[in-house]
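What follows is a short report on a single structure.
The values are calculated or read from the model by the stated rules, or taken from the named source; none is laboratory data. Predicted model, so just to flag it, every value in this text is computed and none were measured. Methodologically, a virtual Cβ is constructed for each residue, glycine included, from the backbone with ideal geometry; neighbour enumeration extends over all protein chains shown.
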Amino acid sequence: MFSGIIQSVNQVAFIEQHGNSLNLAIKVSSEELLSKSAPGSSIAINGVCLTVARCTQDNLIFNVSSETARITNLGDLKENDAVNFEPSLIIGDSLDGHFVTGHVDALGEVIAIESQDEYTELKIDFNDELKPYIAKKCSICVDGVSLTVNKVDKKSFSVMIVPHTLKNTIIQFYKLAQRVNLEIDVIARYTYSILNQSS
């Protein structure tokens, strides 16, 4: 379980292809975060829950299955790309975002980036399967970042990015047509499921 509050932005050290699956090595800039990570630890990389396979002096190495590479943007990564990094929650951690599972529901696409005073508005295209779960003021996770939906229409939603979030996540590097990992709010998911079963 995660909160959607990114702890650090790190770089891809290298990628090893094994057929359609891959080994993903992340160079961790924080010695504190590196020291707290061990084989078996759960880490969200761009919002995808991965298990540390092994550690080196500077890197954490993850096995990414072909299915995960296909349905998330981890398959798009290249050496030196920046990624959002969040360790799993432990008892006593502050929950400043919302409950995030690290299970990506779909890929979205950035279709607009607009500056509004000190804020940045992102508009993201999403597929029809997510439509029942996205509403104005609901929580959504974009590349592991806990955000609040500002506006929503038939095919897209927008979020407002505050300066601190922009500076401390990979959102600062976004470009048009960028693919992003989307995870809907778990409460919305189960509420919709319960209502459908009872109707």
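Among the residues of segment 63-91, how many are among the aliphatic types (A, V, I, L, M) and in a strand (DSSP E or B)? Don't jump to the end; show me each part of the working.
So the first thing to find is which residues in segment 63-91 are among the aliphatic types (A, V, I, L, M), and the list is 64, 69, 71, 74, 77, 82-83, 89-91.
Checking which are in a strand (DSSP E or B) leaves us with 64, 82-83.
Residues that pass the stated criteria total 3.
Looking only at segment 99-151, which residues are of a type in the set (Lys, Arg) and assigned to a strand (DSSP E or B)? Outline the logic, then answer.
Pass one, segment 99-151, residues of a type in the set (Lys, Arg): 123, 131, 136-137, 151.
Across segment 99-151, the qualifying residues are Lys123, Lys151.
Looking only at segment 18-50, count every residue that is part of a strand (DSSP E or B) and closer than 15 Å to Glu67 by Cβ and tell me the total.
Taking segment 18-50 first, the residues part of a strand (DSSP E or B) are 18, 21-27, 42-45, 48-50.
Subsequent filtering for residues that are closer than 15 Å to Glu67 by Cβ retains 18, 21-22, 24, 48-50.
Of the residues in segment 18-50, 7 are part of a strand (DSSP E or B) and closer than 15 Å to Glu67 by Cβ.
Look through Gln11, Gln57 and report the one residue that is of a type in the set (S, T, N, Q) and under 19 Å from Asp143 (Cα atoms). Outline the logic, then answer.
Numbers: Gln57 fails: under 19 Å from Asp143 (Cα atoms).
Checking each option against the conditions leaves just Gln11.
Confirm whether Asp143 is at positive phi and modelled with pLDDT of 95 or more.
Values: at positive phi: yes; modelled with pLDDT of 95 or more: yes.
It is true that Asp143 is at positive phi and modelled with pLDDT of 95 or more.
Please go through segment 19-54 and give me each residue that is surrounded by 15 or more Cβ atoms within 10 Å (Cβ to Cβ) and on the phi > 0 side of the Ramachandran plot, ordered by number.
Within segment 19-54, Asn46, Gly47 meet the criteria.
If Asp96 satisfies every condition in (1) surrounded by 13 or more Cβ atoms within 10 Å (Cβ to Cβ); (2) part of a loop (DSSP other than H, G, I, E, B); (3) more than 13 Å from the chain's Cα centre (by Cα); (4) of a type outside the set (Phe, Trp, Tyr) but one, which is the exception?
Every condition holds for Asp96 apart from (1).
As an exercise: evaluate Ile90 against (1) β-branched (Val, Ile, Thr); (2) modelled with pLDDT of 95 or more; (3) surrounded by fewer than 15 Cβ atoms within 10 Å (Cβ to Cβ); (4) out of contact with any Gly (no Cβ under 9 Å at 6 or more places or on another chain) and give the number of the one condition it does not meet.
Exception for Ile90: condition (2).
List the residue pairs whose Cβ atoms are under 6 Å apart, where the first residue sits in segment 75-86 and is closer than 14 Å to Ala25 by Cβ, the second is in a loop (DSSP other than H, G, I, E, B), and the two are 6 or more positions apart or on different chains.
Note: pairs meeting the criteria are Val83/Asn46; Phe85/Gln7.
Under 6 Å by Cβ, and 6 or more places apart or on different chains, what pairs join a residue from segment 29-46 that is touching a residue at least 24 places away in the same chain (Cβ under 8 Å) with one that is hydrophobic (A, V, I, L, M, F, W, C) and assigned to a strand (DSSP E or B)?
Listed by first residue and then by second, the contacts come to Ser37/Val52; Ser37/Leu60; Ser41/Val52; Ser42/Cys49; Ile43/Leu50; Ala44/Phe2; Ile45/Val83; Asn46/Val83.
Pick from segment 129-151 the residues that are within 24 Å of Leu74 (Cα to Cα) and small (Gly, Ala, Ser): which of them is surrounded by the fewest Cβ atoms within 10 Å (Cβ to Cβ)? Steps first, answer last, please.
Of the residues in segment 129-151, the ones within 24 Å of Leu74 (Cα to Cα) are 129-131, 133-134, 139-149.
Restricting the remaining residues to those that are small (Gly, Ala, Ser) gives 139, 144, 146.
Working: Ser139: 20, Gly144: 29, Ser146: 24.
By that ranking, first place goes to Ser139.
Quickly run through segment 132-167 and pick out the residues that are free of Cβ contacts under 8 Å to residues at least 60 places away in the same chain and among the acidic types (Asp, Glu).
Scanning segment 132-167 gives a single hit, Asp153.
In segment 69-88, how many residues are touching a helix residue (DSSP H, G or I) at 6+ places or on another chain (Cβ under 6 Å) and among the β-branched types (Val, Ile, Thr)?
The total comes to 0.
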